[in-house]
1. Residues of segment 217-237 being over 23 Å from the mean Cα position of the chain (by Cα) and crowded, with 20+ Cβ neighbours inside 10 Å, which ones?
2. Residue under question is residue 261, and the condition is that it be within 25 Å of the chain's Cα centre (by Cα), under 30 Å from residue 210 (Cβ atoms) and modelled with pLDDT of 80 or more; does it hold?
3. Check off (1) assigned to a loop (DSSP other than H, G, I, E, B); (2) modelled with pLDDT of 75 or more; (3) buried (at least 18 other Cβ atoms within 10 Å of the Cβ) for residue 81 and give me the number that stays unchecked.
4. State whether one or more residues within segment 187-200 are in contact with a helix residue (DSSP H, G or I) (Cβ under 6 Å, 6 or more places away or on another chain) and either in a strand (DSSP E or B) or surrounded by 13 or more Cβ atoms within 10 Å (Cβ to Cβ) (or both).
5. Only one residue in 210, 214 is part of a strand (DSSP E or B), free of Cβ contacts under 8 Å to residues at least 40 places away in the same chain, within 23 Å of the chain's Cα centre (by Cα) and farther than 23 Å from residue 321 by Cα. Which one?
6. Go through segment 240-273 and count every residue that is free of Cβ contacts under 8 Å to residues at least 60 places away in the same chain and within 21 Å of residue 307 (Cβ to Cβ).
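The values are calculated or read from the model by the stated rules, or taken from the named source; none is laboratory data. Predicted, not measured: the structure shown is a model, and the values here were computed from it. With ideal geometry, Cβ positions are generated from the backbone for all residues, glycine too; neighbour counts draw on all protein chains shown.
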């Protein structure tokens, strides 16, 4: 019996939980504030934030403790919410008022925090800078404790939560996080196009649904692309379906890669051969298609190094020339044997009007 007690005592004294100092200072992170982590029990810790000139804490948070060694050098303080959600302390402007706030970890199942186990991810309490001190914001604490990927977007001044195929966007209104919109990534239609559904919420609770088609340039094989003066970009992309048949896709996108016009529809195999190709000698080439009442003509002049889009509806003609230094690729190889081309004579149906 005595031997068993002695072995147990030795194990406890040597275990990391007991080997940790009872109180540890966070590494330097601010000229104005300091923070201290105190192990108040073998499974409970407290984090205190002080003004450097004072001994009374401005913030004090207790939470379930990590049983093992707590490495404040690695997991101490972060200046933003990010992929490294293991930080004990986050010190950044969370409500976009120009003052740096605090978010303090109170539970993390990865560290053995029992309090937050139901959430299966780190949980934070958020304290906003107010006057000479800090005050916990219940709506922000709920967001930072109820979701895994909590992101503070300083560019758009919004709070974002990524939950698999869903993104929730919140705006701050009267110091409260209010749901602004939900974005659902529905499905990939091609390797470079996916559809999203957005639900926007007004201050009165009214819902507005918006469907968007998003283009991912890095995933596309481009035959021709150029920018227009209105900020739009044309892409002639090459796609391959499940039968390994390749076809051209016309895409007009905005600066945020939202698709304003796509032809043919990525959700149907119809109209894939409704392009026609013509050329004038070796100097210029055109690729055209008809969509409802409008005829779209993509033209490239190799001699003058000009390109653009011409839209014809009845007698009305609109010409949108390309910005010259943005032109990449060509269309003549669609009907010519060019081993260096990405198309390489795979579109014979386009060439029946070749001049």
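1. 223, 224, 225, 226, 234, 236, 237
2. The answer is yes for residue 261.
3. That leaves (2) as the condition not met.
4. yes
5. 210
6. 11
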